[in-house]
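Scroll down for the structure; my scribbles are underneath it.
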Amino acid sequence: MSTGLISLAAGVLIGLLYALLKVRSPAPPALALIGLLGMLAGEQATRHFLHADDTAQRSPVTHTTGASS
C-alpha cells in the first residue's frame, strides 16, 4: 500500500474520530491545507534538486560484454 493511501486513510480515520467526539480541528481547515500543501511542495522540490545533483555528479558507467582472452 502506498504511503499516500495510508496517509489519506489515517486522515479520514482521525476526521471521523473528531466528528464522533465533537472536537474541532486544532487548526483552521483552510490554513491547515495550505500548510500541508507547502510542506508537500517543499518536500518534492527538495527531492527534485537533490536527485538532480546526484545524477549530475555521477560519471557514466560503461559495461563490457563478451569473453576475455
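Just so you know, all these numbers are worked out from the coordinates, no wet-lab data involved. Computed from a predicted structure; not experimentally measured. Using ideal geometry, Cβ is built from the backbone for each residue, glycine included, and neighbour counts are taken over all protein chains shown.
The table below gives the values:
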item: LEU50 paired with VAL12, simple spin-label distance in nm, labels 7 Å along Cα-to-beta-carbon; result: 3.0 nm
item: Net length gained if the chain between SER25 and THR3 were fully extended (0.36 nm per residue, minus Cα distance); result: 5.6 nm
